[in-house]
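Every read-out reported here was derived from the displayed coordinates using simple, explicitly stated rules and does not represent laboratory data. What you are looking at is a predicted structure, and each value in this text was computed from that prediction instead of being measured. Cβ: placed from backbone, ideal geometry, glycine included. Neighbour counts: every protein chain shown.
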Amino acid sequence: MNWKVLEHFPLLLCILAAKTLILSLAFAGVKVYQRKRLEAEQQKLEAEKRKQVEKKES
């Protein structure tokens, strides 16, 4: 077995932890973006419905 690899084990763990953190933050950011986009789309549809109701009342 190559014992030199074990000398770099703490560094490899730090790299793995950093990669995991970055991926988690990226997925969370995508979820936030998707939710905001869906909310904006829903508000747009509600505004259009309100306009149609106002036209019918006029």
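Just a few scattered comments:
- Ala28 meets all of the listed conditions (1) in a loop (DSSP other than H, G, I, E, B); (2) of a type outside the set (D, E, K, R); (3) surrounded by 10 or more Cβ atoms within 10 Å (Cβ to Cβ) but one, namely (1).
- Beta carbons closer than 9 Å, at least 6 apart along the sequence or on distinct chains, pair a first residue in the stretch 7-25 that is free of Cβ contacts under 8 Å to residues at least 12 places away in the same chain with a second that is part of a helix (DSSP H, G or I) for Leu12/Val5.
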